[in-house]
Amino acid sequence: MLGNMMQDQLLISGILEHAIQTNPNTEIVSHTIEGSIHRYSILESSKRAKKLANALKKLGIKEGDILGTMALNGYRHYELYFGISGTGSILHTLNPRLFPEQVEYIVNHAEDKFLFIDLPFLPLIESVSDNIQNVEGFIILCDKESMPSDSKLKNLMCYEELIDNESDEFQWPELDENTASSLCYTSGTTGNPKGVLYSHRSTILHAWYACAANAMNVSSTTVILPVVPMFHVNAWGIPYAVAMFGAKLVLPGPHTSGEAITKLVQSEKVTNLMGVPTVWLDLLNYTRENNISLDTVNSVLVGGSAAPRAMIKEFQEKHDAFLLHGWGMTEMSPLGTLNAYNSDMQGMDLEERYDIQTSQGKAIYGCQIKIVDDEGKTLPNDGESFGRLMVKGAGIIERYFKSDETALENGWFDTGDVSTISIDGYMRIVDRSKDVIKTGGEWISSIDLENSAVGHPGVSEACVVGVLHPKWDERPIMFVVKNNQEDCDKGSIIEYLSDKVAKWWLPDDIIFVDELPHGATGKLLKTGLREEYKNHLMK
Ligand code: AMP
C-alpha cells in the first residue's frame, strides 16, 4: 500500500522561494575581481536571478539547454546557479584551471549554447573560440564600463546590460524533480574528463543531508566562506545550502591568499571555512607569521585531499577551530563521509582525537559505504582490512553524461579509492587505487607517508610516488617542498618518520623541489612525477 502524502517536487527554485520568505535579509558578500566588497541580501540576489531568468527566455533558452559558466566565487555566479537551473536549463560550471584543449573538449561535449565568463578568463575562451562552434554567444560577467572593446568573440554581451531592463518577477516552471540541474566534469587526470549530470532532486537532497547537525551543521547563524570554487562540484553544495538554511555567504573571488582570507574572516566574522588543504597551508603560514588568531571561526571543512594531522592540531590549538575532515568526489555531489565532532570524542584526550580526525570520518546519512575485494566480496569493518571503497545513495551518479552504460557494479559505485572502515564506522582512505605503492607483495599508503612528513617542522608539502625497483617491484620516493622556517634535510626527515611509520615504508630517496604539480582542482598530480622518475632507483 502506498502512503497518502503529497508528491511535492524538490526543486532549486523552491529553495530560493523558501529563502525569500524566511531569510530575505541574509547577506551575500563578495570580494570582487576588481577588489571592492559587494554586499546585498538574498532578496536582492533572487530578484536578479529572476531578471536573468527573463533574459534567458528572450535569448531563446529552453528547458534542457546547457549553459556554461567560467567564473569564480562571486555574486553574479550565485545568481546563475539559480537563474539557470530554476528555468529548467542546465548550469555547466567550467574549471578555468584546465588546459585549453580540455576546455574545448568539454564545451563541445556538453554542447554549451552560451558561455558566461568572468573577465580574467576571456583570453582562455578566446584561445579556443574557433573550435567551439555550438556556442551562440558569450556573456561577460561585468558592467558596461568594464566590457572589453576589442574581443575576437562574436556575439559578446554584457551581463549587467542583459538583465538590466528585465522584470524581477518570474514564474518558475513546475519541473519534475529528476530534471537535470547542473553539469560538472571530473578533473580527468587520465583520459578525457567525464560529465556528471546532477538533478534537482539529487542536488537538494545532498545539500540537505550534507548540512545536518552531524555533518556540516549549517544554520542561519552560520557565516560560510567557501574557498572551494563554485566551478567545481557546485562548491560542495554550499550555494544551495545557504538558500535552504539562511546562512550568510562570503565569497572570496580571486582573493584566496592567507592574508586576503584572514582579512575577510575578520571583517565578516566568518564562522565556517571550507576548502582543500593547500589553501589552508597558506592561511596558517600567514596567521602564524603575524601572530593572528581567527577567533570567530569554529569549523574548517577540509576535503579534496587528506587533511594532515599537523593542520588539524594547529587549527584547534592556535584558532580554537575544529577541523571537519570530509571526503567525497564529483560523482557524489560530492560529500560522502565527514569527521564531525561526535559523542565518541567527548572527554577524549586531544592528541587521541587528532589521530581520529585524520580519518575521513563516518558516512553521512544519504551515502552508504562499504569496502570490497577485487572479486566484489564485502570485507569486514575492522579498521584493518582494506579494499575498494563503494558507495550508494541519492546524491551518487548512476551513469556518466551521454553514456549508455551504467557506472555501477551491482548497484554500487566504485570510487577508485582504497580504504579501511573501523568497527565504529570511521572510514580511512589508504590511497587512490592507482597511487598505492605495491612493494614486495605489501601495500604502502602514499597519503600516510605524505601526512606524516608534513608534521616535520621544516616541511611545507610532501608528495610520495612509487617507482620501479629491481628487487621490490616498487618503492616509494618522496618529493618535499621546504617551508624555510626550520632546518630540513634528508636525514632529519627520515629520522622524523622513523617512529611514525613502519621501517619498510621509509622512502628510498627524498628529493627537494621548489613546488609540486597540482591539478585543476588543487590535487597533487602524481602521474607526471611517476613517469619522470620511473627509473630513479634502477640506476
Ligand atoms: P574530485 O572528484 O576531483 O573531487 O576528486 C575526488 C577524489 O579526491 C576522491 O576520490 C579521493 O581520491 C580524493 N579525496 C577527496 N577528499 C579526500 C580526503 N579527505 N582525503 C583523501 N583523499 C580525498
Grab the Cα-Cα distance for Ser220 and Leu59, subtract it from 0.36 nm times how many residues apart they are, and report the gain in nm with one decimal. 54.4 nm
Based on a Kirkwood Rh over C-alpha pairs, give the Stokes-Einstein translational diffusion coefficient of segment 235-354 at 37 °C and viscosity 0.692 mPa s in µm²/s. 217
So how exposed is His109, as accessible area in Å² (1.4 Å probe, rounded to 10)? 50
Between Gln9 and Glu259, what FRET efficiency follows from the Cβ-Cβ distance if R0 is 45 Å, with the result rounded to 0.05? 0.50
For Asp509, residues with placed amide H under 5 Å, excluding near neighbours: Met478
Bins of 10 Å, starting at 0 and running to the largest distance - Cα pair percent for segment 435-539: 15, 50, 31, 3
Virtual spin-label span in nm between Lys434 and Glu145, 7 Å along Cα→Cβ: 4.8
Given 10 °C, 1.306 mPa s and a Kirkwood radius over Cα pairs, the Stokes-Einstein diffusion coefficient of the chain in µm²/s is 65
Restrict the search to segment 316-379; then list the trypsin sites (Lys or Arg not before Pro) that DSSP places in a loop and that have at most 12 other Cβ atoms within 10 Å of their Cβ. Lys377
Ratio of alpha-carbon Rg to the 2.2 N^0.38 Å globular estimate for segment 364-406, to two decimals, please. 1.40
Extend 7 Å from the Cα of Glu531 along its Cα-to-C-beta direction; within segment 443-468, residues with backbone N under 17 Å of that point are 465-468
Calculated from DSSP H runs of 4 or more alone, at -39500 (n - 2.57) each and per residue, what is the 222 nm mean residue ellipticity of the chain, nearest 500? -8500 deg cm²/dmol
Within segment 239-314, which GluC sites (Glu not before Pro) sit in a loop by DSSP and count at most 13 neighbouring Cβ atoms inside 10 Å? none
Just round it to a whole percent: the fraction of Cα-Cα distances in segment 9-201 exceeding 21 Å. 50
Calculate, for Asp176 and Leu43, the FRET efficiency according to 1/(1 + (r/R0)^6) with r their C-beta to C-beta distance and R0 25 Å; round to the nearest 0.05. 0.35
With the cut-off at 32 Å, tell me which of the pairs Lys362/Lys503; Lys50/Lys269; Lys434/Lys490; Lys434/Lys500; Lys490/Lys523; Lys62/Lys362 have Cα atoms farther apart than that. Lys62/Lys362
Lysines with Cα under 22 Å of Lys57, excluding same-chain neighbours fewer than 8 positions away: Lys47, Lys113, Lys144, Lys154
Cross-link reach from Lys471 to lysines, straight Cα distance under 16 Å and at least 8 residues apart if same chain, gives Lys438, Lys534, Lys539
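The values are calculated or read from the model by the stated rules, or taken from the named source; none is laboratory data. What you see is a predicted model; the values in this text were computed from it and never measured. Reconstructed Cβ throughout: ideal geometry from the backbone, glycine too, with neighbour counts over all protein chains shown. The area values use the complete protein model at the heavy-atom level, side chains included, leaving out ligands, DNA and RNA. Shrake-Rupley method; radii C 1.70, N 1.55, O 1.52, S 1.80 Å.
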